[in-house]
Structure formats: C-alpha cells, structure tokens
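See below for the structure under consideration.
Read-outs: derived from the displayed coordinates by stated rules, not from any lab. Please read all numbers here as calculations on a predicted model, not as lab measurements. Heads up, the Cβs are rebuilt from the backbone with ideal geometry, glycines too, and the neighbour counts pull from every protein chain shown.
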Amino acid sequence: ILARGQGARLGVLTKNVAKPAVAFGGKYRIIDFTLSNCANSGIYTVGVLTQYEPLVLNSYIGIGAPWDLDRRGGGVTILPPYLSERGGEWYKGTANAVYQNMNYIRHFNPQYVLVLSGDHIYKMDYRKMMDYHKNTGSEATIAVIRVPTEEASRFGIMSTRDDNRIYRFDEKPEIPMGNSASMGVYIFNWDVLEKYLIADELEESSEHDFGKNVIPAMLKGGVKLYAYPFSGYWKDVGTIESLWEANMDLLNDGNPLNLYDSSWRIYTINPLQPPQYLSKDARVSKSLLGEGTVVHGTVRNSILFPGVRIEKGCKVADTIIMSNTHVMNNTQIRRSIVGSSSVIGDNCIIGKEDSKGITVVPSTEIVEGGKFYE
C-alpha cells in the first residue's frame, strides 16, 4: 500500500499528518478503506510504505489488529525508507518506493503482487480482480473507472481494445483520449514487475513512477496489460472539495459506499467515548454523529466526529467537524471542514452558505468569539 504522500492540495489538513491518516466519515481515517478491502478480500500479508509525516499513521496502524492483520508469517508491516549497505534515500516515486522494498516482497516469494494507494475511498473485492487477471492471462492488470470527461486530465487514462487489453496509457494528459481512468490499483506478475522495477531504477531520466514510467515501459516492451472495469463508488480525495464531497455523499440515501453493509465492513479503531447526547434543544437532521458527541444546537446535513460538542444557539450545516472540537454558543458554521481539537468561540460565523468554496479551520485552532472566518 503506497501511503507516503503529502497530500499538499489538502492544505492545513495534512500539515502534520500523511494524507491516508486524514479523518473521514465520522469515525474513520482514509486508509481504513484500503486496509478493510484487503481484510475483506482475504489478503493478510500487507506492507504499508510510509514517508511523509508518518508518526500518526504508523501509530494508528500499529500491529493491524482492527483489520485482522496482527498475524505471524504475514500481517501488516510498516515500510519507511531505510539505510542499508547500498546507502539510503527517500522514496523518489511510486515505483522506486516498491523497488526499495523488493527484499520484503522476495521474502514471501509471491507469484502476484497487488499494489494499492492508501488515499482513496472505495470498496473493492480484490479477489474478483485477481480472478480476472488470471483468466485473461494478463501480466499486469489495472483497475479502471469511468470519470467525467472534464476531470479526465487529473488521472492516468487508458485506451483499450474490445477485450480490455490496454494499447495506450496517458498519465494526466492535457487532452485526454478517453475517460477510462486508472484507480491506482494494480496486479502484477511478480517476475515481470521485478524485471521492470530494476530496469526503471537504472534509467537516470526516469521519475520512477508507475504511471509515468513503468506502465509505459511495459506497454513498449510488449507486456500483456489489461484494464479491469470497476463500476462501484470510488473517490480520489486529493482536494478539499473532493474530501468534502465524499463526506457529504455519505449523507445521501442510496449512497453506493454504504457504511452499514455488514457483508463488507469498514474496520477502524473505535474511540473510547461515551454515547451521544442530544439535549431538549437539539435539532439534528440528515447527519452522522460520532460517539461522545454532545449537541445542544441545530445540526443539518453534517458529520460530527467523536467528542464534538455543539452548544446552545449554534447552527451547523453542510459541514464536517473533526474529533474533540468545541463549538461555543450562537455560532454559525456552513460549508466548512473544522479540524480536530479546535475551539470556536461564541457568536462566530464560519463559512458562507452560498459560497462555491469550502472553508477550512485547521486542527487545534482557537477562533476568538465574534470572528468571521472564511
């Protein structure tokens, strides 16, 4: 699992934590979805490649108990950059990150390697993709999803034949040739991947990236690459807007992500918090409330994480408030993301109802009473 990214487009939300460790959905962190997909797919040997601000993420994953990954002979292993006799350096790209951990992979002597991103929101049974990989005789399979044409330039775009064999791959093209986008989910035959990782490392001009370098090299070298079409919910929460939208999606009836599906649970570390409390003055509608929340005000179309406290006269709408934040009396918050352990004073106005953007309050921020914040 590639979990090394800074997530710079998330701004202050990733100032002190890696993007996969950002809170999501009222009780989770983003990486919970990839780890839970592994557990639900029967994959119990998982390496997590970390680099940027790894402390919170490493501590959170621990020995992997919530995802049933606390096992002998496998389980979860944190894989940061390290020094060896050959020297040591930061991960230079997605491919180089895997290259630097080839000894870890070789230890298990696998036939196939599944490479995943740790910063996407989705549910996926990797066993079905593996069956597809074997049945097609593919040497490298890339999961793809249709995206709006106007957004296609943000992704790696695949061109395929009728049998889904890939004949062209464009990484974030200015003028996309289609809208079949890579999800950052790959299955490789290990002997093929090993060969191309070594060759890529020797190429001085390479950026050592799967999308920019390794996949194009495989196509050029005649490797059998197939696209695996995926039609479920998938979101790259790489921007403030997409993170807010993905959270808001959870509040819609019939949302395909469906956190309440007992056949495909999303596992996480549960907070040690008391039950929720809604006072006689509370008015709550179409919202998710985490454990330990206390509400005396009005909350509409919003997500409150564990330990959030909303005092009397407050009006919160279309907003995400992260853990242990205290919102004082008569404050209004609209279309915002409020970081954890913040204090919002009395009579503040955070965000605008008619704004196209999303207001972000950093974690541990103290907003003085009467302040307008956008």
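Using only Cα atoms, tell me the angle between helix 126-136 and the longest principal axis of the chain; keep it within 0 to 90° and round to the nearest 10.
30 degrees
What's the angle, to the nearest 10 degrees (0 to 90), between helix 190-202's Cα axis and the longest principal axis of the chain?
90 degrees
Calculate one ³J(HN,Hα) per residue across segment 351-363 by plugging θ = phi - 60° into the Karplus curve 6.51 cos²θ - 1.76 cosθ + 1.60, and present them in order as whole Hz with x for glycine and proline.
With the stated coefficients, segment 351-363 comes to x, 10, 5, 9, 6, 7, x, 10, 7, 10, 9, x, 4 Hz.
Show me 309-319, 57-67 ranked by packing, highest mean number of other Cβ atoms within 10 Å first.
On the way: 309-319: 21.7, 57-67: 18.2.
Final packing ranking: 309-319, 57-67.
Pop out the ³J(HN,Hα) list for segment 70-75 in order, Karplus 6.51 cos²θ - 1.76 cosθ + 1.60 with θ = phi - 60°, rounded to Hz; leave Gly and Pro as x.
So the Karplus estimates, Gly and Pro as x, are 8, 10, 7, x, x, x Hz.
Take every Cα-Cα distance within segment 25-95, group them into 10 Å bins from 0 onward, and report for each bin the whole-number percent of pairs it holds.
Spelled out bin by bin, segment 25-95 gives 18, 46, 29, 7, 0 percent.
Among rounded, prolate and oblate, which fits segment 1-149 when a ≥ b ≥ c are the square roots of the eigenvalues of its C-alpha gyration tensor, a/c under 1.5 means rounded, and a/b larger than b/c means prolate? If you can, show how the numbers build up before the last one.
Numbers: a/c = 1.36, a/b = 1.10, b/c = 1.23.
Taking the square roots of the gyration eigenvalues as a ≥ b ≥ c, segment 1-149 is rounded.
On a 0 to 90 degree scale, rounded to 10, what angle separates helix 31-40 from the longest Cα axis of the chain?
Long axis of 31-40 versus the principal axis of the chain: about 60 degrees.
Set Lys and Arg Cβ to +1 and Asp and Glu Cβ to -1, take the dipole of the chain about its Cα centre, and tell me which of ALA143, TYR277, PRO173 lies farthest positive.
Farthest towards the positive end: TYR277.
Classify the chain as rounded, prolate or oblate, taking a ≥ b ≥ c as the square roots of the eigenvalues of its Cα gyration tensor: rounded when a/c is under 1.5, otherwise prolate if a/b is larger than b/c and oblate if not. Walk me through the numbers before you get to the answer.
Details: a/c = 2.03, a/b = 1.83, b/c = 1.11.
Prolate shape, in that a/c is at least 1.5 and a/b is the bigger ratio.
In a shell of Cβ-Cβ distance under 12 Å around TRP190, excluding TRP190 itself, what net charge do Lys and Arg (+1) and Asp and Glu (-1) give?
Values: positive: ARG106, LYS195; negative: GLU139, ASP191, GLU194.
Here the count lands on -1.
For the chain, what is the percent of antiparallel DSSP beta bridges, rounded to the nearest 5? Could the numbers behind the result be given before it?
Working: 23 of 67 bridges.
Taking every DSSP beta bridge with both residues in the chain, the antiparallel ones total about 35 percent.
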